[in-house]
Amino acid sequence: MISISESVVNARSPYALTRVEELTFSLTTDKGVQYFIGFNEDHEFLSEGSYYFMIENVNGTHVEHDEKLLQTIFVLIEEFFNQDPMIMLYVCDSKDKRQEARNRLFSSWFKRYKNADQYILHRKSIQGVNTSYYAGVLMRVDNPAKDILIDLFDQFVATIERVVSRSSGK
């Protein structure tokens, strides 16, 4: 299990983060929107060194672009990778049918991220019965296992696609 220093993140982050759990933090934007941001250890994709990234808009309100939120998220991700995990996974939440918009937003944020050249973002979509799901992995470009991890992720997604297609009767 990794540990992220709240004080280290807050020294660089435009929004103040407050620890909620070991790897989860809360913040409130200038517009009063509260978020939970953090990581959950994963044991399905890899036995160790794999974490899911999550962002939850606690208020559930639609918000306009917030550059400070973007900067805060990437400060937290940088500190996460400074702890030397292998890989960060994400799945765009689909409960409100806005997963495609979330996928586009994260991709847009990543393209604008000043240190994007230090990371590999590998994205996939999975076609469900009546919806598409979006997921991806993020890792440092200097990760010696990057090619293997991308292949493993592609196989993982292919397995999920087979399960989804069987359950839909395809």
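The values are calculated or read from the model by the stated rules, or taken from the named source; none is laboratory data. Every value quoted in this text rests on a predicted model; they were computed, and no experiment measured them. With ideal geometry, Cβ positions are generated from the backbone for all residues, glycine too; neighbour counts draw on all protein chains shown. For accessibility, only protein heavy atoms count, side chains too; no ligands or nucleic acids. Shrake-Rupley method; radii C 1.70, N 1.55, O 1.52, S 1.80 Å.
Structure data summary
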{"item": "Kyte-Doolittle mean at least -0.5 and Cα axial length at least 30 Å: DSSP H helices in the chain", "result": "146-167"}
{"item": "Total formal charge among the other residues, if their Cβ is under 10 angstrom from that of Leu89, Lys/Arg +1 and Asp/Glu -1", "result": "-2"}
{"item": "Calculated from backbone phi, Karplus (6.51, -1.76, 1.60) coupling profile of segment 49-59 in Hz, x at Gly/Pro", "result": "x, 10, 9, 8, 9, 9, 10, 10, 7, 5, 6"}
{"item": "Net charge contributed by nearby residues that have their C-beta within less than 12 Å of Phe110 (K/R +1, D/E -1)", "result": "+4"}
{"item": "Residue of Gly49, Gly136, Gly38 that the Gaussian network model of the chain assigns the largest fluctuation, springs spanning Cα pairs under 10 Å", "result": "Gly49"}
{"item": "Added length on full extension, which subtracts the Cα-Cα distance from 0.36 nm per residue, Ser125 to Asn57", "result": "22.2 nm"}
{"item": "Computed magnitude of the charge dipole of segment 8-65 (debye, nearest 20; Cβ of K, R +1, Cβ of D, E -1)", "result": "360"}
{"item": "Top positive-direction residue, dipole computed over the chain with Cβ charges, set Ser26, Ala11, Tyr133", "result": "Tyr133"}
{"item": "All lysines inside 20 Å of Lys97 as judged from Cα atoms, apart from same-chain residues fewer than 8 positions distant", "result": "Lys124"}
{"item": "Contour excess over end-to-end distance, with Cα ends at Asp142 and Ser47 and 0.36 nm allotted per residue", "result": "32.1 nm"}
{"item": "Inter-label distance for Arg19 and Asp151, nm, one decimal - labels placed 7 Å from Cα along Cα-to-Cβ", "result": "3.9"}
{"item": "Apportionment of accessible area to carbon and sulfur, segment 1-64, percent (1.4 Å)", "result": "46"}
{"item": "Helical mean residue ellipticity (222 nm; -39500 (n - 2.57) per DSSP H run of 4+; nearest 500) of the chain", "result": "-11500 deg cm²/dmol"}
{"item": "In nm, spacing of pseudo-spin labels at Val163 and Glu6 (7 Å Cα→C-beta vector)", "result": "3.5"}
{"item": "Overall Cα dimensions of the chain, principal axis frame, Å, largest first", "result": "50, 38, 29"}
{"item": "Karplus (6.51, -1.76, 1.60) ³J(HN,Hα), θ = phi - 60°, over segment 83-98, in Hz, Gly and Pro reported as x", "result": "8, 6, x, 6, 7, 10, 9, 9, 10, 6, 4, 10, 5, 10, 6, 10"}
{"item": "Rounded to the nearest 20 debye, dipole of segment 1-148 from Cβ charges on Lys, Arg, Asp, Glu", "result": "620"}
{"item": "Of Phe106, Phe80, Phe153, the one that fluctuates the most in a GNM where the chain has Cα springs shorter than 10 Å", "result": "Phe106"}
{"item": "Probe 1.4 Å, protein heavy atoms only - accessible area per residue of the chain in square angstrom", "result": "56"}
